[in-house]
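The values are calculated or read from the model by the stated rules, or taken from the named source; none is laboratory data. Bear in mind that the values here come from a model prediction, so they are computed numbers and not experimental data. Cβ atoms come from the backbone with ideal geometry, glycine included; neighbour counts cover every protein chain shown.
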Amino acid sequence: MTTALKTARLGAGHVMEYRRDGYLIFREPVFSGQKFRALQEHFEEKLAVLPADVRPESMDAPHFTDTKLFEWLFSNEVLDLVEPIIGPDIALWSSHFICKPRGTGKRVPWHEDSAYWRGQLEPMEVVTVWLAIDPSTRQNGGMCVIPRTHRTGKQGQSDYEAVADQEKSVFTHEIVKPQRDESRAEAIELQPNQCSLHDGRLIHGSPANTSSLRRCGYTMRYMPTAVKFHAEGCRSYHQIYLARGCDRAGNEYADSTRTYPEMARYREVNKKTGH
């Protein structure tokens with residue numbers, strides 16, 4: 001757990017923009033060049049040993065079996081971005097490498113992250129830091145968001161239907177068309193070591209990557225420790241970690257110094273992956 005507090009990296013205007021629109025683009029480098037290159041190299045090592053039958057878009061909760069990732073997940077550089085939004089007591093909800101290979105990268109259907117966590121969090125308050133490992137653009141399947149949908153419409157509780165071509169999609173279901181206005185979508189374009197932040201209830205998705213450039217991002221997801229994690233129904237495949245400050249809701253936290261291979265196996269066998 002990180003104990004040292006540093007200066008917040010977001011000002012009042014940034015926080016106001018995030019709360020209004022449900023997302024924010026942070027153009028400054030998240031990490032020093034050296035620390036970011038170390039993360040890039042670490043990801044490449046993980047990708048090199050990925051089993052042939054596992055898609056690189058599906059590297060979900062890698063921190064369960066890779067404690068080195070906490071060097072970045074618990075870093076002041078990231079937590080100082082998150083603290084102005086959710087406060088000083090911070091839990092790590094999850095993380096996910098989503099890597100779209102060039103030419104064959106799968107589409108991410110329109111969704112709200114909160115749809116995958118229904119019944120697990122009370123209240124639903126999660127901020128995702130989407131860190132660009134590669135350039136993320138309109139051409140190579142970069143993320144798009146529909147601003148302010150975290151506060152309008154279904155507010156994280158949209159209705160879903162099966163996608164037509166599930167083999168080419170990361171998820172099997174998508175928000176029904178009447179509940180998403182794609183004409184309002186905004187593309188999030190990032191250079192490596194830049195990030196965006198978005199609310200867990202915001203509608204977002206991304207097209208397939210048919211370009212000649214790979215697109216990889218690392219999603220780091222955090223919640224205030226005042227949010228109650230109802231672990232009863234998902235204790236076999238999910239857990240949270242105390243990243244900064246102290247607990248405020250009577251939650252239980254996993255040990256960031258040990259690995260949980262049994263949990264990773266359960267997730268793989270029972271298809272508890274994707275978010």
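Which members of region 197-216 meet the condition of being among the basic types (Lys, Arg) and either part of a loop (DSSP other than H, G, I, E, B) or more than 17 Å from Glu41 (Cα to Cα) (or both)?
Passing the criteria: Arg201, Arg214.
Among (1) more than 17 Å from the chain's Cα centre (by Cα); (2) at pLDDT 95 or above; (3) of a type outside the set (A, V, I, L, M), where does Cys144 come up short?
(1)
Going residue by residue through region 209-232, is there one that turns out to be of a type in the set (Gly, Ala, Ser), over 20 Å from Leu81 (Cβ atoms) and touching a Phe, Trp or Tyr at 6+ places or on another chain (Cβ under 8 Å)?
No, that holds for no residue.
Output the residue which, of all residues in region 13-55 that are assigned to a loop (DSSP other than H, G, I, E, B) and acidic (Asp, Glu), is surrounded by the most Cβ atoms within 10 Å (Cβ to Cβ).
Per the stated criteria, the residue is Glu28.
Here's a check for you: in region 236-275, which residue that is under 21 Å from Asp80 (Cβ atoms) and among the aromatic types (Phe, Trp, Tyr) is nearest to the chain's Cα centre (by Cα)?
Ranking the qualifying residues of region 236-275, first place goes to Tyr241.
At pLDDT 95 or above and part of a loop (DSSP other than H, G, I, E, B): does that describe Phe70?
Answer is no for this residue.
Yes or no, residue by residue, for (1) surrounded by 15 or more Cβ atoms within 10 Å (Cβ to Cβ); (2) in contact with a Leu (Cβ under 9 Å, 6 or more places away or on another chain); (3) closer than 26 Å to Val15 by Cα; (4) in contact (Cβ under 8 Å) with a residue 12 or more places away in the chain:
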site: Asn76; (1), (2), (3), (4): yes, yes, yes, yes
site: Lys100; (1), (2), (3), (4): yes, no, no, yes
site: Glu122; (1), (2), (3), (4): no, no, yes, yes
site: Leu131; (1), (2), (3), (4): yes, yes, yes, yes
site: Pro135; (1), (2), (3), (4): yes, yes, yes, yes
site: Thr149; (1), (2), (3), (4): yes, yes, yes, yes
site: Gly156; (1), (2), (3), (4): yes, yes, yes, yes
site: Gln166; (1), (2), (3), (4): no, no, no, no
site: Arg184; (1), (2), (3), (4): no, no, yes, yes
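Can you pull out every residue in region 70-101 that is under 14 Å from the mean Cα position of the chain (by Cα) and within 19 Å of Pro56 (Cα to Cα)?
Within region 70-101, Ser94, Ser95, His96, Phe97, Ile98, Cys99 meet the criteria.
Report yes if Thr219 is β-branched (Val, Ile, Thr) and either assigned to a loop (DSSP other than H, G, I, E, B) or touching an Asp or Glu at 6+ places or on another chain (Cβ under 6 Å) (or both), otherwise no.
For Thr219, the condition - β-branched (Val, Ile, Thr) and either assigned to a loop (DSSP other than H, G, I, E, B) or touching an Asp or Glu at 6+ places or on another chain (Cβ under 6 Å) (or both) - is not met.
Hey, Ala8 hits all of (1) modelled with pLDDT under 95; (2) touching an Asp or Glu at 6+ places or on another chain (Cβ under 9 Å); (3) under 23 Å from Cys234 (Cβ atoms) but one; which does it fall short on?
It fails just one condition, (3).
Which residue out of Pro207, Pro261 is surrounded by fewer than 16 Cβ atoms within 10 Å (Cβ to Cβ), under 19 Å from Met59 (Cα atoms) and touching a residue at least 40 places away in the same chain (Cβ under 8 Å)?
Result: Pro261 is the single residue among Pro207, Pro261 that is surrounded by fewer than 16 Cβ atoms within 10 Å (Cβ to Cβ), under 19 Å from Met59 (Cα atoms) and touching a residue at least 40 places away in the same chain (Cβ under 8 Å).
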